[in-house]
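Q: Quick one: the structure is below, and I'll ask about it shortly.
The values are calculated or read from the model by the stated rules, or taken from the named source; none is laboratory data. Model, not experiment: these values are computed from the prediction. Cβ sites come from the backbone with ideal geometry, for glycine too, and all protein chains shown count toward neighbours. We work out accessible area using only protein heavy atoms, side chains counted, and drop any ligands, DNA or RNA first. Shrake-Rupley method; radii C 1.70, N 1.55, O 1.52, S 1.80 Å.
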Amino acid sequence: MAPATPNAPLRGRRSPLASVGLHATLVVASVIAVFPVLWVLLTSLKPPAYATSTDFFKDTTLTNYTNLLNDTPFLTWFANSLLVAGLTTVIGVFVAATTGYAVSRFRFPGKRGLMWTLLITQMFPVAVLIVPIYNIMSSMGLLNQPVGLVITYLTIAVPFCAWMMKGFFDTIPREIDESGQVDGLTPFGTFWRLILPLAKPGIAVTAFYSFVTAWGEVAYASAFMVGDENLTLAGGLQKFVNQYGAQWGPMAAASVLIAVPAALVFLFAQRHLVTGVSAGAVKG
């Protein structure tokens, strides 16, 4: 073969026009993604009289934040949401991990039915489930109780997370389980001491999904919880909207503060998210 001449174009090298087009597209996409968040942040810093104005900066003030924290039960709502989301995350991770490991490693009667159940439960929209779940919680005396809301959120998070964890555990060699048995570990001891440390990416995805599910859910929180002292943030935000108008400033300030915990959880788990999602999708 004749050697390539110095002036020959390199295969796969983009032209200047294509490079400019690619970077322009990325810039536009980034602006579109960031603009709503930036707009909410700027709205939270405007006085009520200019909350709906198109000016980016107009008499910047922290009044909305001080009024929100001092004149509303926002901190109570925040604490309620933190409690519900925290319990949902801890219980959801444990149940999803143990269920996924059992389905991945063991053969038992009803295994196929359990797997189908995990899939089918994700097919029903929230609107269809509100009434039956409301009746069940009412008969058990769990309405207006954080425990009832936690159980409800677990019905959303656990099926998806358990199926994903099952796919993740399928990628971990079974020889590790066998080595644990040789060392005299019980099945749970093998899971807890050997398998779980290797499943950190999957655990991170499960924890993030469970937390976000409980932190940002609106329909169940609005239907099952009443009274300012029992509301979560999702229900509390509705207090700023009524038939006569909306308090955009306090609502924007609350939205910014609500986003902070979710962002912190994401930052904590982000290095595991891509690995966990891709690994959980390898096998079904």
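Q: At q = 0.09, 0.14, 0.18 Å⁻¹, what log₁₀ I(q)/I(0) does segment 13-152 have when each alpha carbon counts as one equal point scatterer in the Debye sum?
A: The Debye formula, applied to the Cα set alone, gives -0.65, -0.99, -1.10.
Q: Binned at 10 Å from 0, what are the whole-percent values of the Cα-Cα distance distribution for segment 159-252, short to long?
A: For segment 159-252, the binned pair fractions read 14, 28, 20, 16, 14, 7, 2, 0 percent.
Q: Run the numbers for F56 and S179: contour at 0.36 nm per residue of separation, minus the present Cα-Cα distance, in nm. Don't skip to the answer; put the middle values down first.
A: On the way: separation 123, 0.36 × 123 = 44.28 nm, distance 6.20 nm.
Full extension from F56 to S179 adds 38.1 nm.
Q: Roughly speaking, what % of Cα-Cα pairs in segment 211-265 are separated by over 18 Å, rounded to a whole number? If you can, show how the numbers build up before the last one.
A: Details: 547 of 1485 pairs.
The proportion of pairs with Cα distances above 18 Å equals 37 percent.
Q: Starting from the Kirkwood radius over alpha-carbon pairs of segment 17-74, derive D by Stokes-Einstein at 4 °C in a medium of 1.567 mPa s and give it in µm² s⁻¹.
A: Values: Rh = 13.6 Å.
Once the numbers are plugged in, D ends up at 95 µm²/s.
Q: Roughly speaking, what is the stretch gain from A127 to V28, that is 0.36 nm per residue apart minus the C-alpha to C-alpha distance, in nm to one decimal? Please report the intermediate quantities before stating the final value.
A: Working: separation 99, 0.36 × 99 = 35.64 nm, distance 3.55 nm.
Between A127 and V28, full extension yields 32.1 nm more.
Q: Which helices, taking whole DSSP H runs in the chain, have alpha carbons extending 30 angstrom or more along the helix axis plus mean Kyte-Doolittle at least 0.0?
A: On the way: long enough: 16-44 (41 Å, 1.90); 74-105 (45 Å, 1.30); 146-170 (34 Å, 1.30); 248-280 (42 Å, 1.33).
Helices meeting the span and hydropathy rule in the chain are 16-44, 74-105, 146-170, 248-280.
Q: In whole percent, how big is the carbon plus sulfur part of the accessible area of the chain, probe 1.4 Å, protein atoms only? Don't jump to the answer; show the numbers that get you there.
A: Working: 11600 of 16840 Å².
Taking all protein chains in place, the chain shows 69 percent carbon and sulfur surface.
Q: Note down the nm distance, to one decimal, between modelled labels 7 Å out along Cα→Cβ at M140 and at V260.
A: 3.4 nm
Q: A further question on this structure: How much accessible area per residue does the chain have, in Å², with a 1.4 Å probe? List each step's numbers first, then the result.
A: Working: 16840 Å² over 284 residues.
Roughly 59 Å² per residue, with all protein chains present.
Q: While we're looking at this one, here's another question. As an exercise, take the mean of 1/r over every pair of distinct alpha carbons in segment 190-233, invert it, and state the Kirkwood radius in angstroms.
A: On the way: mean 1/r = 0.0782 Å⁻¹.
Across segment 190-233, the inverse of the average 1/r is 12.8 Å.
Q: So what is the relative contact order for the chain, in percent, with contacts set as C-alpha pairs under 8 Å and at least six apart? Walk me through the numbers before you get to the answer.
A: Values: 322 pairs, mean separation 84.1, N = 284.
Over the chain, the number comes to 30 percent.
Q: Given the rule -39500 (n - 2.57) for each run of at least 4 DSSP H residues, summed and divided by the residues of the chain, what is its mean residue ellipticity at 222 nm, to the nearest 500 deg cm²/dmol? Don't skip to the answer; put the middle values down first.
A: On the way: 12 runs with 192 residues, N = 284.
Per the formula, -22500 deg cm²/dmol.
Q: Rounded to a whole number, what is D in µm²/s for segment 128-204 from Stokes-Einstein with the Kirkwood radius over alpha-carbon pairs (20 °C, 1.002 mPa s)?
A: Values: Rh = 15.1 Å.
It diffuses with D of about 142 µm²/s by this estimate.
Q: Here is a further query. What three numbers, in Å, describe the spread of the alpha carbons of segment 57-111 along their principal axes, ordered from the longest?
A: Here the spans come out as 65, 26, 14 Å, largest first.
Q: Can I ask one more? Mind sorting out which of (1) 33, 21, 17; (2) 39, 35, 16; (3) 26, 23, 18 is the real semi-axes √(5λ) of the Cα gyration tensor in Å computed from the coordinates?
A: Matching the structure shown: (2).
Q: Of A234, A49, A254, which is the most mobile in a GNM of the chain whose springs link Cα atoms less than 10 angstrom apart?
A: Largest GNM mean-square fluctuation: A49.
Q: Next question, about the same structure. Can you give me the distance in nm between label points at F35 and R271, each placed 7 Å from the Cα along the Cα-to-Cβ direction?
A: Output for this residue pair reads 3.5 nm.
Q: Under a GNM of the chain (C-alpha, springs under 10 Å), which listed residue has the highest mean-square fluctuation: M137, M123, M251?
A: M123
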